[in-house]
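Each remark here refers to the structure printed beneath this line.
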Amino acid sequence: MAIDYQERIPNNVDLGSNRTLQRALEHWQPEFLKWWQGMGPTDFQASDVYLRTATSVDAKGWATYGHVRMPDYRWGIFLAEPDAERKIGFGDEFGKDVWQQVPGEHRSVLRRLIVTQGDTEPASVEQQRLLGHTAPSLYDLRNLFQVNVEEGRHLWAMVYLLHGYFGRDGREEAEQLLGRHSGSIDNPRILGTFNEPISDWLSFFMFTYFTDRDGKYQLKSLAESSFDPLARTCQFMLTEEAHHMFVGETGIGRVVKRSLEVMKELQSDDPDAVRKMGAIDLPTIQKYLNFWFSSSLDLFGADSSSNAASYFANGIKGRPDEATYDDHRADALTYDLEVPDGKGGVSIESLPMRNAMNEVTRQAYVKDCEIGITRWNRTIAKAGFSFALSLPSTRFRRSIGSWAATPTDPSGTPISLAEFEAQQAAWLPTESDRAFVHSLMQPVTEIGKMAGWIAPPDRGINSQPVPYDYVRLA
Ligand SMILES: [Fe+2]
Ligand SMILES: [Fe+2]
């Protein structure tokens, strides 16, 4: 079904035929806009931003581009096309018809999962609300706002499900999604990571590379769900999400590229010398990477989880790319999990596969994270330097799962807490690293110009040149 733009809420779910739902969402809409004005990007609401807007869910051309003021962005409800033949793809009910309504026995679990996913979307907008003031270029400023408006749309996606399928409870949850705020003492966002402000652009690129990618894997798991409206919602969100990870990957890549230019000019890889030239040295980039990768790993949950097992058994949440597995019941398989042996070493614990689904998803994520690392290392090698960036072990600096209470070095070797504390300044950003990165955060708003710590992108957005008025500041 085509997207109806005549409606107050653009949608491809035939909202006009369900007056009650339409009215409820039209009630929520001004509350959302109030939230956007109060908690969204500060001071840029009157600027014209070159944004893409979803106008179709066809993979071959789903977006149109143009300058719009962010509060005029057409946030809407878009689900991937239905597949009338779709069957349950995993778990105990494998092969049966998918659900078009929420089965009573799974109602509270599904609501919880949708609320948790929905909560992260506005949370990230809140975390990033001050970043516009220090953008390294108009191109980057536009990308930030593109990510922000689309996270706003992802909130709409979850609110539609809550209003449409969960009755009064759902409407109350939708209200609370605007009531919690990132970093609030009284009413914080649900997941810890989403309560930390993101106040520098290196962290923003790390967030879009590592944390948005966690989002991608959560959405991939939910896109397998037997609750068909949830699956179709997540499938379309993944289309938008790809750009967020592009922003992260190319952002980190451009910071690395700029460091290499400076290193070549200096004929030196001395971090202090690189910093004096106003670029970010590679060891500091590695520390930020260690920090963001390890905190994003925790978002997948415990490595052995009876909740994950029951989500899988009941067909609620699958594995990313479930179709690529042979056994969709996974009820007779085991998973070998590496756990601390309590004596400073590692031992193997054999888990029922269904209990290991968080870990299975985490490992797929880790593999996906490697792709960028390989690419950045190729540029470093090409520039003639011997430094290599790497992902730390999944045991490193964990707060959730078997390794939570066991300090390790970045390679995953268990060490004492005293040793960890003595070395952590070499592994994770220190106060002075953060202060240095912050000192570089000066806005650049001239068309085509870039801050000195980041290289220009290879190309612009939607075939526009890099020197282009991506944001017309009001
Ligand atoms: Fe999102
Ligand atoms: Fe995202």
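The values are calculated or read from the model by the stated rules, or taken from the named source; none is laboratory data. Fair warning: this is a prediction, and the values are worked out from it, not measured in the lab. Here the Cβ is made from the backbone with ideal geometry for all residues, glycine too, and neighbour counts use every protein chain on show.
Key figures for this structure:
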{"item": "When residues of the range 195-215 are limited to those that are under 12 Å from Ser296 (Cβ atoms) and touching a Phe, Trp or Tyr at 6+ places or on another chain (Cβ under 6 Å), the one farthest from ligand 2 (Cβ to nearest atom)", "result": "Met206"}
{"item": "Of all residues making up the range 137-156, the number that are within 15 Å of Phe246 (Cα to Cα) and more than 14 Å from ligand 2 (Cβ to nearest atom)", "result": "4"}
{"item": "Scope the range 298-322; condition more than 21 Å from Glu338 (Cβ to Cβ) and either at pLDDT below 95 or touching an Asp or Glu at 6+ places or on another chain (Cβ under 6 Å) (or both); matching residues", "result": "Ala313, Gly315, Gly318, Glu322"}
{"item": "Hits in the range 372-413 (condition: of a type in the set (Phe, Trp, Tyr) and either under 12 Å from Val256 (Cβ atoms) or not in a loop (DSSP other than H, G, I, E, B) (or both))", "result": "Trp376, Phe385, Phe387"}
{"item": "Tally of residues being under 24 Å from Pro229 (Cα atoms) and either free of Cβ contacts under 8 Å to residues at least 24 places away in the same chain or small (Gly, Ala, Ser) (or both) across the range 21-66", "result": "14"}
{"item": "So Gln218, is it surrounded by fewer than 20 Cβ atoms within 10 Å (Cβ to Cβ) and either among the charged types (D, E, K, R) or assigned to a helix (DSSP H, G or I) (or both)", "result": "no"}
{"item": "Count of residues meeting criterion [in a helix (DSSP H, G or I) and within 16 Å of ligand 2 (Cβ to nearest atom)] in the range 99-136", "result": "13"}
{"item": "Within the range 161-203, tally of residues that are closer than 27 Å to Tyr50 by Cβ and out of contact with any Lys or Arg (no Cβ under 6 Å at 6 or more places or on another chain)", "result": "7"}
{"item": "Residues located in the range 34-66, provided they are loosely packed, with under 14 Cβ neighbours inside 10 Å and not hydroxyl-bearing (Ser, Thr, Tyr)", "result": "Lys34, Gln37, Gly38, Asp43, Ala46, Asp58, Ala59, Lys60, Gly61, Gly66"}
{"item": "Contacts under 6 angstrom Cβ, first residue in the range 7-20 being surrounded by 13 or more Cβ atoms within 10 Å (Cβ to Cβ), partner β-branched (Val, Ile, Thr), 6 or more apart", "result": "Pro10/Ile3; Asn11/Ile77; Asn12/Ile3; Val13/Ile77"}
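Let's see how each residue does on (1) among the hydrophobic types (A, V, I, L, M, F, W, C); (2) farther than 25 Å from Gly248 by Cα; (3) buried (at least 20 other Cβ atoms within 10 Å of the Cβ):
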residue	(1), (2), (3)
Arg275	no, no, yes
Asp281	no, no, yes
Phe293	yes, no, yes
Leu297	yes, no, yes
Phe300	yes, no, yes
Ser306	no, yes, no
Arg329	no, yes, no
Asp336	no, yes, no
Asp341	no, yes, no
